[in-house]
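Novice: The structure is given below, and queries will be raised subsequently.
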Amino acid sequence: MTLCSRAYLRRKSDVNSLKMAQKTSGLIQRCRFLLLMILFLPHVMTSSVLSVNGKTENYILDTEPGLQESLKCAVQNHIRDEELLWYREDGRVDLKSGNKINSSSVCVSGISEDDNGITFTCKLQRNQSVSISVVLNVTFPPLLSGNDFQTAEEGSDVKLVCNVKSNPQAQMMWYKNNGILNLENHHQIQQTSEYFQLSITKVKKSDNGTYSCIANSLIETKTKDFHLIVKDKGSTVPIEPIIAACVVVFLTLVFGVIARRKRIMKLCRKDQGPQCRTAL
């Protein structure tokens, strides 16, 4: 083989090797592209964003009793139709068929004090980890309740419980006979988010009077009166000796009747004799 032939064959081999390398590189680039598509596909599928009343983050909705609030949930950045779900706390809201796709609204009517703190959540039906929530902040003046009248015996313990609901939380205090209550050693006050309690141990006649539970909030001040009547301490009568005496008297009568049974029977027969002869 001549020198020219050898050079030609070597060049042809180099060209083939170059073509193979180019094909391999192209195949590798395609594989990389497919791998990237696979990795980013879940991100593309879940890139939808929810909003409620134009807000894309969880928020608190201020409202009042008696009002009506509308919550509109919408899907943003979606590439296909998305079905929406609404939840009130943990319970699913029943939506009509035309109120589910891409946009959904719920109407909260007749709002009351009990709705304070209730959470409404909108979710994607396909991926419920995509969600947005709205918490109702129902503001209302203090609501007070409790036992209006209490009667206690001198020396006993008394609890005046003033049940309270308020948003915002009210400042609480006790008055007695229209004046600030001077706390004494036998007075104790306990307060929670649901009640304001005045405890009086071993009540005295001087504890008689009208106690006022006063709740002062930014909205309004409310008052609830509690009337306490302290009675004289009654004399304690021992029950056991009385019962024992009654038993003794009863047994004495029974034994007396049994002991005189024959004499009583004779008297009864004498009384019945003339009556029988007259009847004949």
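The values are calculated or read from the model by the stated rules, or taken from the named source; none is laboratory data. From a predicted model like this one, the values you see are computed outputs, not experimental measurements. With ideal geometry, Cβ positions are generated from the backbone for all residues, glycine too; neighbour counts draw on all protein chains shown. Note: accessible area is taken over every heavy atom of the protein model, side chains too, but ligands, DNA and RNA are not part of it. Shrake-Rupley method; radii C 1.70, N 1.55, O 1.52, S 1.80 Å.
Novice: Of 75, 106, which residue is crowded, with 16+ Cβ neighbours inside 10 Å and touching a Lys or Arg at 6+ places or on another chain (Cβ under 9 Å)?
Specialist: After applying the criteria, what remains is 106.
Novice: Looking only at the range 65-102, count every residue that is in a loop (DSSP other than H, G, I, E, B), out of contact with any helix residue (DSSP H, G or I) (no Cβ under 8 Å at 6 or more places or on another chain) and not charged (D, E, K, R) and tell me the total.
Specialist: Just the residues of the range 65-102 that are in a loop (DSSP other than H, G, I, E, B), to begin with: 65-68, 77-82, 89-90, 93-96, 100, 102.
Checking the rest, the ones that are also out of contact with any helix residue (DSSP H, G or I) (no Cβ under 8 Å at 6 or more places or on another chain) come to 66-68, 77-78, 80-82, 89-90, 93-96, 100, 102.
From what is left, the residues that are not charged (D, E, K, R) are 66-68, 77-78, 93, 95, 102.
Residues meeting the conditions: 8.
Novice: To continue, here is another question. State whether the residues of the range 139-146 include one that is buried (at least 16 other Cβ atoms within 10 Å of the Cβ), farther than 30 Å from residue 221 by Cβ and hydroxyl-bearing (Ser, Thr, Tyr).
Specialist: Of the range 139-146, the ones buried (at least 16 other Cβ atoms within 10 Å of the Cβ) are 139-142, 144, 146.
Still in the running and farther than 30 Å from residue 221 by Cβ: none.
The answer is no; no qualifying residue exists.
Novice: Taking the condition at pLDDT 95 or above, acidic (Asp, Glu) and open to solvent by less than 80 Å² (accessible area, probe 1.4 Å), does residue 94 pass?
Specialist: Judged against the criteria, residue 94 is not a match.
Novice: Out of 219, 229, 214, report the one residue that is in a strand (DSSP E or B), touching a residue at least 12 places away in the same chain (Cβ under 8 Å) and open to solvent by 80 Å² or more (accessible area, probe 1.4 Å).
Specialist: Result: 229 is the single residue among 219, 229, 214 that is in a strand (DSSP E or B), touching a residue at least 12 places away in the same chain (Cβ under 8 Å) and open to solvent by 80 Å² or more (accessible area, probe 1.4 Å).
Novice: Could you check the range 181-211 and list, in sequence order, the residues that are among the acidic types (Asp, Glu), open to solvent by 40 Å² or more (accessible area, probe 1.4 Å) and either in contact with a strand residue (DSSP E or B) (Cβ under 6 Å, 6 or more places away or on another chain) or under 21 Å from residue 229 (Cβ atoms) (or both)? So that I can check it myself, show each step before the final result.
Specialist: First, the residues of the range 181-211 that are among the acidic types (Asp, Glu): 184, 194, 207.
With the extra rule that they be open to solvent by 40 Å² or more (accessible area, probe 1.4 Å), the set shrinks to 184, 194.
Result: 184, single match.
Novice: Please go through (1) surrounded by 12 or more Cβ atoms within 10 Å (Cβ to Cβ); (2) touching a Lys or Arg at 6+ places or on another chain (Cβ under 9 Å); (3) over 30 Å from residue 206 (Cβ atoms) for residue 111 and return the number of the only condition it doesn't satisfy.
Specialist: All conditions pass for residue 111, except number (2).
Novice: Please give the number of the condition residue 178 fails out of (1) under 30 Å from the mean Cα position of the chain (by Cα); (2) over 30 Å from residue 102 (Cβ atoms); (3) open to solvent by 20 Å² or more (accessible area, probe 1.4 Å).
Specialist: Here residue 178 meets the rest and fails (1).
Novice: Checking residue 96 against (1) free of Cβ contacts under 8 Å to residues at least 12 places away in the same chain; (2) under 24 Å from residue 167 (Cα atoms); (3) among the basic types (Lys, Arg), which single condition isn't satisfied?
Specialist: All conditions pass for residue 96, except number (2).
Novice: What residue, among those in the range 143-162 that are assigned to a strand (DSSP E or B) and not aliphatic (A, V, I, L, M), is nearest to residue 214 (Cα to Cα)? Give the derivation first.
Specialist: Just the residues of the range 143-162 that are assigned to a strand (DSSP E or B), to begin with: 143-145, 149-153, 158-162.
Restricting the remaining residues to those that are not aliphatic (A, V, I, L, M) gives 145, 149-151, 153, 159, 162.
Values: 145: 11, 149: 17, 150: 18, 151: 22, 153: 26, 159: 16, 162: 9 Å.
So the residue we want is 162.
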